[in-house]
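First the structure, in the form of structure tokens, and then the observations on it.
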Amino acid sequence: MEEAVGLLTLAFGLVVAAGAVHHVRNSAVGGALDRNVLIGLRTGATLSSDRAWREGHLAAVPWLTATVRAGYVAGAATVVSVLVSMAVDALLPVVWAVAAAEYTALMACLVTGTVKADRAARAVLEETR
């Protein structure tokens, strides 16, 4: 039972992370995400100007969308996997492995989006030189 609670907490974390990225994505698309040091894809290049911030975030939108989808699906899949595991009284080690892979996928999407944002922001910096 303790393992199930741990996995459910992990699932909750996936959904919360996806929700945060969802907010950043929607704010970027809607033009409501002003340059700041608290939330967003913060790199030296994206923080260098308002235009670099905006262009960087827009370049990352496809990857932010993938991150959001991965997080929501992974959270739901983890909950279902835990419930099935509890019903058959087995498979929890497999669920842990799947959950770890899901977190890795979420982070890979987010890091890729950040790299795309940084490249787009650097291109803006090159244009303005």
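How many residues does the range 40-99 hold that are modelled with pLDDT under 90 and charged (D, E, K, R)?
Restricting attention to the range 40-99, the residues satisfying the condition of being modelled with pLDDT under 90 are 81-99.
Filter once more, so that each one left must be charged (D, E, K, R): 89.
Number satisfying all stated conditions: 1.
Just to check your reading of the model, which residue among Arg42, Arg25, Arg35, Arg51 is in contact with a helix residue (DSSP H, G or I) (Cβ under 8 Å, 6 or more places away or on another chain) and either among the β-branched types (Val, Ile, Thr) or not in a helix (DSSP H, G or I) (or both)? Outline the logic, then answer.
Values: Arg42 fails: in contact with a helix residue (DSSP H, G or I) (Cβ under 8 Å, 6 or more places away or on another chain); Arg25 fails: either among the β-branched types (Val, Ile, Thr) or not in a helix (DSSP H, G or I) (or both); Arg51 fails: either among the β-branched types (Val, Ile, Thr) or not in a helix (DSSP H, G or I) (or both).
That would be Arg35, the only listed residue that is in contact with a helix residue (DSSP H, G or I) (Cβ under 8 Å, 6 or more places away or on another chain) and either among the β-branched types (Val, Ile, Thr) or not in a helix (DSSP H, G or I) (or both).
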Looking at the structure I just gave you, is Glu2 buried (at least 17 other Cβ atoms within 10 Å of the Cβ), over 16 Å from the mean Cα position of the chain (by Cα) and not basic (Lys, Arg)?
no
Residue that is part of a helix (DSSP H, G or I) and within 19 Å of Leu110 (Cβ to Cβ), where the choices are Val79, Val68:
Val68
Can you report the number of residues in the range 16-52 which are within 30 Å of Val94 (Cα to Cα) and either buried (at least 16 other Cβ atoms within 10 Å of the Cβ) or not hydrophobic (A, V, I, L, M, F, W, C) (or both)?
5
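Anything in the range 66-82 that is surrounded by 13 or more Cβ atoms within 10 Å (Cβ to Cβ) and aliphatic (A, V, I, L, M)? List them, or say none. Spell out the reasoning first.
Applying the first criterion (surrounded by 13 or more Cβ atoms within 10 Å (Cβ to Cβ)) to the range 66-82 yields 66-79, 81-82.
Scanning the range 66-82 gives Ala66, Val68, Ala70, Val73, Ala74, Ala76, Ala77, Val79, Val82.
Within the bounds of the range 33-50, is there any residue that is closer than 30 Å to Arg129 by Cβ and acidic (Asp, Glu)? Spell out the reasoning first.
So the first thing to find is which residues in the range 33-50 are closer than 30 Å to Arg129 by Cβ, and the list is 33-50.
Add one more test, that the residue is acidic (Asp, Glu), and what stays is 34, 50.
Checked against the condition, which is being closer than 30 Å to Arg129 by Cβ and acidic (Asp, Glu), the range 33-50 yields at least one hit.
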Tell me which residues, restricted to the range 4-43, are closer than 18 Å to Lys116 by Cβ and touching a residue at least 24 places away in the same chain (Cβ under 8 Å).
Val21, His22, Val24, Arg25, Ala28, Val29, Leu33, Leu41, Thr43
Considering only residues that are charged (D, E, K, R), under 26 Å from Met1 (Cβ atoms) and assigned to a helix (DSSP H, G or I), which ones fall in the range 89-129?
Glu102
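The values are calculated or read from the model by the stated rules, or taken from the named source; none is laboratory data. Bear in mind that the values here come from a model prediction, so they are computed numbers and not experimental data. Because the Cβ atoms are built from the backbone with ideal geometry, glycine has one as well, and the counts that use them run over all protein chains shown.
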